[in-house]
Amino acid sequence: MKPVLTLTGFLSRFLVRRILRRGALRLAVVRWGLAAAALLAFTAFCAFGIVTLQQLVADPALLVPLLRVAGTAVPMWVLAIFTVVRVLFMKSSDLVELTFGFPLTNRARTLGFMLFEAMLVGIGVTVILGALVAGALSIGGLGVLDDVVACLVLPTCVSYLLASVYYLLLERVLLQLRLARLRAFLVPVVLAGTLIALAVAVSSQSERVLFAAAGEGEYFAPQLIFADLAASHGLLAAGGVWLVAVALLVALVCSATPRQFDPTRRFTRVPRVLGASEFGAYFVAHIRAIETITVYGLVFAGSYALFVADIRLPPFLLIAVTIQGVYAYVSTEPLRACGPRRHGPVRRYLLVLGPQLLALLVCAVPVGILSALTGIGWSEILMVLGFCASNTVVLTLAGIVFPPEKGNPFSVVVGVAVAALVTGTLLLGASLLGLPTWFSTVVLVIVTACAATLSAIGMQKIERIERHEVVV
């Protein structure tokens with residue numbers, strides 16, 4: 001067990017030193033400021049959950065049905081976070097290669113990565129369910145803690161292990177079919193497809209679980225097996241069954257681990273649809289990456305699935321496309337290094353931002369049409385598109401201030417988190433205060449303009465420093 005804990009400690013230290021001390025985070029005041037802001041945001045989120053739940057739930061007896069309904073969605077949240085973490089690990093070839101210098105067996109390496117990955121998934125689930133748990137404890141006190149453990153905590157651990165087994169079996173299937181070179185494309189697509197199917201299944205279960213918990217009929221949900229055992233035989237009995245299930249799943253993870261192989265760097269060649277222009281070169285550099293192609297494919301597939309299921313929802317999936325803005329500054333660095341120096345800072349910035357906005361527009365046309373066919377108004381679609389354009393600008397700034405490191409995709413987490421913290425806090429605050437829509441729009445325009453200005457200035461300063469034109 002010691003080698004496993006050693007590897008987990010190494011990965012945690014790598015995460016802190018190589019991610020939380022890069023870019024602007026090299027300054028201690030920035031690190032502590034962002035940590036305080038994140039803690040304050042999570043505290044405010046929990047406080048919001050407490051206030052909201054106390055207004056909706058007057059009788060503590062209603063907490064159990066609410067927790068059971070939330071428990072049905074736990075596997076969906078776990079798989080969503082697991083997919084993100086897995087994709088990051090698949091891109092972390094340099095980080096994985098470092099571990100081969102350790103005196104570890106393959107089994108110890110698998111368990112070490114699994115423990116570290118479980119920690120990240122656990123943090124993500126805690127952030128998502130923190131408000132619900134805080135609200136439930138504020139109403140029911142410590143007496144509701146048993147239901148929280150049975151409905152939320154135990155299913156989270158088992159769901160993560162099931163997701164790990166599913167992923168490893170998928171890897172073995174790709175090896176048998178000789179498709180391992182395409183794992184960087186196929187694995188995220190399959191995981192995302194499974195997530196969509198799971199989300200549809202969970203949405204159909206919630207109402208039945210709620211009625212069954214209120215005493216109107218019976219309904220068995222596999223996610224709530226530990227909650228059913230705790231209600232019938234006590235929490236200790238449910239914990240015993242949980243320990244047996246965890247032991248079996250850990251053994252299955254160890255036996256299902258395939259051999260290591262190198263991921264593919266690029267999936268396909270993209271034709272230069274914009275000719276031999278400089279803008280065309282930047283456009284190709286943006287969309288040819290395997291991550292970009294995967295994200296766009298998932299957005300198209302998810303939008304079509306929502307259309308087939310006749311789910312009336314604005315095209316929020318386009319937000320996933322904007323996350324690639326974090327990589328824009330780094331991925332275009334070779335082009336900027338060999339490009340002409342006569343360009344001013346504004347034009348150089350537009351060459352980085354323009355291809356992203358064009359790709360977003362190309363993707364938004366079919367996605368918006370599918371959303372409109374379900375009954376969504378064009379005004380709502382345009383509002384989402386405007387938010388995505390603003391988010392692209394903000395995330396591009398995040399990629400400049402917190403540049404992702406090659407071979408270490410976990411470094412993008414800080415930039416995305418900071419951008420989400422700033423934009424989300426402003427919009428959520430405007431919504432909670434009951435401010436009109438035009439005010440939120442003005443705030444978003446101001447944030448976008450500030451981000452664009454800081455990006456152009458930051459790019460110019462960084463490039464001048466790299467050419468030794470200024471003294472730091």
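Estimate the FRET efficiency between Trp32 and His343 by the formula 1/(1 + (r/R0)^6), using the beta-carbon distance for r and 35 Å for R0, to the nearest 0.05. FRET efficiency, Trp32 to His343: 0.40. The residues of the range 308-391 present an accessible area of 48 Å² per residue when probed at 1.4 Å with all protein chains retained. Calculated on the alpha-carbon coordinates, the convex hull of the range 289-390 measures out at 88 cubic angstrom per residue.
Residues His233, His286 ordered from highest to lowest accessible area at a 1.4 Å probe: His233, His286.
Please list Trp438, Trp77, Trp242 in order of solvent-accessible area, largest first, computed with a 1.4 Å probe with all protein chains present. Could you put the intermediate results ahead of the total?
Values: Trp438 160, Trp77 95, Trp242 50 Å².
Order by accessible area, largest first: Trp438, Trp77, Trp242.
Can you tell me the length gained on complete extension of the stretch Tyr166 to Ser204, counting 0.36 nm per residue apart and subtracting the Cα distance? Walk me through the intermediate numbers first.
Details: separation 38, 0.36 × 38 = 13.68 nm, distance 2.28 nm.
Stretched out fully, the Tyr166 to Ser204 stretch lengthens by 11.4 nm.
Ligands, DNA and RNA excluded, the heavy atoms of Ser331 present near 50 Å² of accessible surface to a 1.4 Å solvent probe.
Return one whole number: the accessible area per residue of the range 99-154 in Å², for a 1.4 Å probe. Accessible area per residue, the range 99-154: 43 Å². Counting only protein heavy atoms and using a 1.4 Å probe, the accessible area of Val362 comes to about 90 Å². The 3J(HN,Hα) values that the Karplus relation (6.51, -1.76, 1.60; θ = phi - 60°) gives for the range 74-83 are, in residue order, 4, x, 5, 5, 5, 5, 5, 5, 4, 4 Hz. Gly and Pro appear as x.
In sequence order, the range 108-118 has phi-based couplings of 5, 5, 4, 5, x, 5, 5, 5, 5, 5, 4 Hz under the Karplus curve 6.51 cos²θ - 1.76 cosθ + 1.60, θ = phi - 60°, and Gly or Pro positions carry x. Our estimate of slack between Ile369 and Phe211, defined as 0.36 nm per intervening residue step minus the Cα-Cα distance, is 53.2 nm.
The values are calculated or read from the model by the stated rules, or taken from the named source; none is laboratory data. What you are looking at is a predicted structure, and each value in this text was computed from that prediction instead of being measured. Please note: Cβ atoms are built from the backbone with ideal geometry, for glycine as well, and neighbour counts cover all protein chains shown. For accessibility, only protein heavy atoms count, side chains too; no ligands or nucleic acids. Shrake-Rupley method; radii C 1.70, N 1.55, O 1.52, S 1.80 Å.
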